[in-house]
Each structure stands twice: as structure tokens, then as C-alpha cells.
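This report concerns only the one structure given below.
The values are calculated or read from the model by the stated rules, or taken from the named source; none is laboratory data. These numbers were taken from a predicted model, which means no experiment stands behind them. Quick reminder, even Gly has a Cβ in these numbers, built from the backbone with ideal geometry, and neighbours come from all protein chains shown. The area values use the complete protein model at the heavy-atom level, side chains included, leaving out ligands, DNA and RNA. Shrake-Rupley method; radii C 1.70, N 1.55, O 1.52, S 1.80 Å.
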Amino acid sequence: MIKMIRYIIVDILRNKVVMAYLTLLLLLTLSILNLEDNPSKGLLSMLNIILIIVPLVSLIFSTIYMYNSSEFIELLLSQPVKRRSLLLSIFSGLSISLVIAFVVGAGIPLLLLEGTSTAYAMLFAGIALTVCFVALAVLGSVITRDKAK
């Protein structure tokens, strides 16, 4: 299970979409927090971005990843691997890689520039949003096998 999680994390972190997501979050965080002279306005702007972009990217990327790797998943299911451990590995790999992208893109600059308790709460909320929406995407992908639906 650990091998599968490691493979999925490395595969996703090399993806151009995840790198673009990380870069977008990094640029937005740095520009918003450096342009605002009032830290509370900057944190409010970052909260709006986190509440809109993070769930959207997590849901769409996870769904597309699940559908595009369906042949690979079927190949792994033909091996003596339990379905539960395979799906947990895929979910864990997706969650961990998107959480890493979020923490590096928004979390580290947020904590370095604004080290308040609000910044920690926003970091925790972003991580929780990422995990929840990845779970919803995996659930929807497992239940619905047709890409068109």
C-alpha cells in the first residue's frame, strides 16, 4: 500500500496541472499579502481565494485523474490486491499530493508573512477542504463509471 501511495504521489506531483496550481497559489498569496498594508484585508482576500479555488481544483483534478487512470486501476485490480487498499491508496495519494501543493503554494507564504492564528486556521481549512473534495471526487468517480455523465 505504501508503494502505491508513493507512486501516485510522485506521479501527481510531476503533473503540469499540479505545478500550475502550486504556482498560481504561490503568486496569488505573495502578491495579495505584499500589496495590502492592512494584514486583515490581505487575509480576507486569501480566504476568498482559498474558499473558491481549492475546492474547485481538488474536485476537478481528482475526477479527471480517476477517469484518466481507469485502465491502470483495472490493471492493478487484476493483481492480488484488495480493492479497499487500492482505493485507499489512490485517495491517500491524491489527497497528500494536493495538500503538499496547497501547503507549499499558499501555506508557507501565509505563515511566513502573516504568522497569526488566523493564518493557521486558514491553512487548516484549506487542508480540510482539499481532503473533503478529493473524497467527493473519488466517490463520484467510483460510483459513476461513465465519463460523459
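Can Phe61 be described as farther than 18 Å from Met1 by Cβ, of a type in the set (A, V, I, L, M, F, W, C) and part of a helix (DSSP H, G or I)?
Values: farther than 18 Å from Met1 by Cβ: yes; of a type in the set (A, V, I, L, M, F, W, C): yes; part of a helix (DSSP H, G or I): yes.
Against the criterion (farther than 18 Å from Met1 by Cβ, of a type in the set (A, V, I, L, M, F, W, C) and part of a helix (DSSP H, G or I)), Phe61 qualifies.
If I go through segment 1-16 residue by residue, how many of them are under 14 Å from Val99 (Cα atoms) and open to solvent by 60 Å² or more (accessible area, probe 1.4 Å)?
Result for segment 1-16: 1.
Since Asp146 meets every condition but one in (1) part of a helix (DSSP H, G or I); (2) out of contact with any helix residue (DSSP H, G or I) (no Cβ under 9 Å at 6 or more places or on another chain), which condition does it not meet?
Single failed check for Asp146: (1).
Of all residues in segment 80-99 being open to solvent by 60 Å² or more (accessible area, probe 1.4 Å) and of a type outside the set (Val, Ile, Thr), which is farthest from Met19 (Cα to Cα)?
That would be Pro80.
Right, Val10: over 30 Å from Ser117 (Cα atoms), assigned to a helix (DSSP H, G or I) and either among the aromatic types (Phe, Trp, Tyr) or free of Cβ contacts under 8 Å to residues at least 12 places away in the same chain (or both) or not?
Here the answer is yes, as Val10 does meet what is asked.
Got at least one residue in segment 68-91 being touching a helix residue (DSSP H, G or I) at 6+ places or on another chain (Cβ under 6 Å), among the basic types (Lys, Arg) and either outside any helix (DSSP H, G or I) or modelled with pLDDT under 90 (or both)?
No; the residues of segment 68-91 include none that is touching a helix residue (DSSP H, G or I) at 6+ places or on another chain (Cβ under 6 Å), among the basic types (Lys, Arg) and either outside any helix (DSSP H, G or I) or modelled with pLDDT under 90 (or both).
For segment 104-124, name all the residues that are part of a helix (DSSP H, G or I) and open to solvent by 40 Å² or more (accessible area, probe 1.4 Å).
Val104, Ile108, Leu111, Leu112, Leu113, Ser117, Thr118, Tyr120, Ala121, Phe124
Take the residues in segment 17-39 that are more than 20 Å from Ile127 (Cα to Cα) and in contact (Cβ under 8 Å) with a residue 40 or more places away in the chain; name whichever of them is surrounded by the most Cβ atoms within 10 Å (Cβ to Cβ).
Pro39
Run Asn48 past the list (1) free of Cβ contacts under 8 Å to residues at least 12 places away in the same chain; (2) within 14 Å of the chain's Cα centre (by Cα) and report the number of the one that doesn't hold.
(2)
Please give the number of the condition Leu77 fails out of (1) over 19 Å from Leu28 (Cβ atoms); (2) in contact (Cβ under 8 Å) with a residue 24 or more places away in the chain; (3) open to solvent by 40 Å² or more (accessible area, probe 1.4 Å).
Result: Leu77 passes all but (2).
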